[in-house]
1. Can you tell me what share of the DSSP beta bridges in the range 27-240 is antiparallel? A percent to the nearest 5 is fine.
2. Please give every one of the aspartates and glutamates within straight-line cross-link reach of Lys133, meaning a C-alpha to C-alpha distance under 13 Å, and leave out same-chain neighbours fewer than 8 residues apart.
3. Using just the C-alpha positions of the chain as equal point scatterers, what log10 of I(q)/I(0) does the Debye formula give at each q in 0.08, 0.14, 0.16, 0.17 1/Å?
4. Which of rounded, prolate or oblate describes the range 104-169 when judged by the alpha-carbon gyration tensor and an a/c cut-off of 1.5?
5. Given 0.36 nm per residue, what is the gain on full extension from Lys184 to Tyr10 after removing their alpha carbon distance, in nm?
6. Mind sorting Tyr29, Tyr210, Tyr77, Tyr130 by how few other Cβ atoms lie within 10 Å of their own Cβ, fewest first?
7. Below 16 Å, Cα to Cα, which aspartates and glutamates can Lys184 reach? Residues fewer than 8 away in the same chain don't count.
8. What does the highest-first list of 66-74, 101-109 look like by mean Cβ count within 10 Å?
Amino acid sequence: MKPEIIAQDYQGAHNKGKSLSRVATEGLYKNCSTVCIVPTRGQITAKVVQNWLGMMTPMNQKFTRVFAIGLEVGEAYEQTLDAILSNLELKKWKFVLTLEEDNLIPPDGLIRLLQQMHKHPELDAIGGLYWTKGEGGQPMCYGDPKTFPKNFIPFAPKDTGVTECNGLGMGFTLFRMKVFTSGKIEKPWFKTLQTFDPGKGSAAMTQDLYFFEKAGKAGFRFGCSADVRVGHYDYENDKVW
């Protein structure tokens, strides 16, 4: 070994770098209290549970999960949000995260969504990018707001950052609590719709787009984050789409 002269650095890498400005930009020092809603049929596969156990939450911030077990998915969201808004503590929290039982998330997914919420105050919900299952899957980023008339046609978001859209899936989506406390959206908020009217024809809509259509009419805005890439797990075939 060659002798070396050691000059100790008492500052540390973060004190010398741009960490102070990074922390200010991330906004994680602000109130990031989050209620996570998980609708489930009652059993969640081990691969999904293992993935969720690695999810990071902001240091020293409030976070809790609420499971809705055995309810139809629209009813699960509706009833769980009613319970949250009836709770004197939880209704004061800042964010609602929806997490569904067939989604695999990056460990820092929630951290990134919170950072982007602080970076984009004009948006009221931001979702991770995931795709419908099967060959020929489509991104669950629905309706380009620049396109007229308003629609919910799937389109590809930008490769990085947040792309504004008219609707999202709810597999891993972060909402501002004010969306639900504002009183601007008529209930029911979530409804799985499948109807036929002889005079108007048929109508079919999942609970997520049913909600986003109503919330969009109330003036709320949404975005899809290509920086938070989420897997859609097909349990029967053990494949992640």
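Here, each number is a calculation from the coordinates, and none is a lab measurement. For clarity, every value in this text was computed on a predicted model and none was experimentally measured. Glycine gets a Cβ as well: all are built from the backbone with ideal geometry, and neighbour counts include every protein chain shown.
1. Numbers: 25 of 41 bridges.
In the range 27-240, approximately 60 percent of DSSP beta bridges are antiparallel ones.
2. Those aspartates and glutamates meeting the cut-off are Asp102, Asp234, Glu236, Asp238.
3. Normalising to I(0) and taking log10 leaves -0.34, -0.95, -1.23, -1.39.
4. Values: a/c = 2.43, a/b = 1.17, b/c = 2.08.
Oblate, because a/c is 1.5 or more while a/b does not exceed b/c.
5. 57.3 nm
6. Ordered by Cβ neighbours within 10 Å, fewest first: Tyr29, Tyr210, Tyr77, Tyr130.
7. Straight-line reach from Lys184, under 16 Å: Glu78, Asp82, Asp124, Glu213.
8. Most protected by this proxy first, the peptides run 101-109, 66-74.
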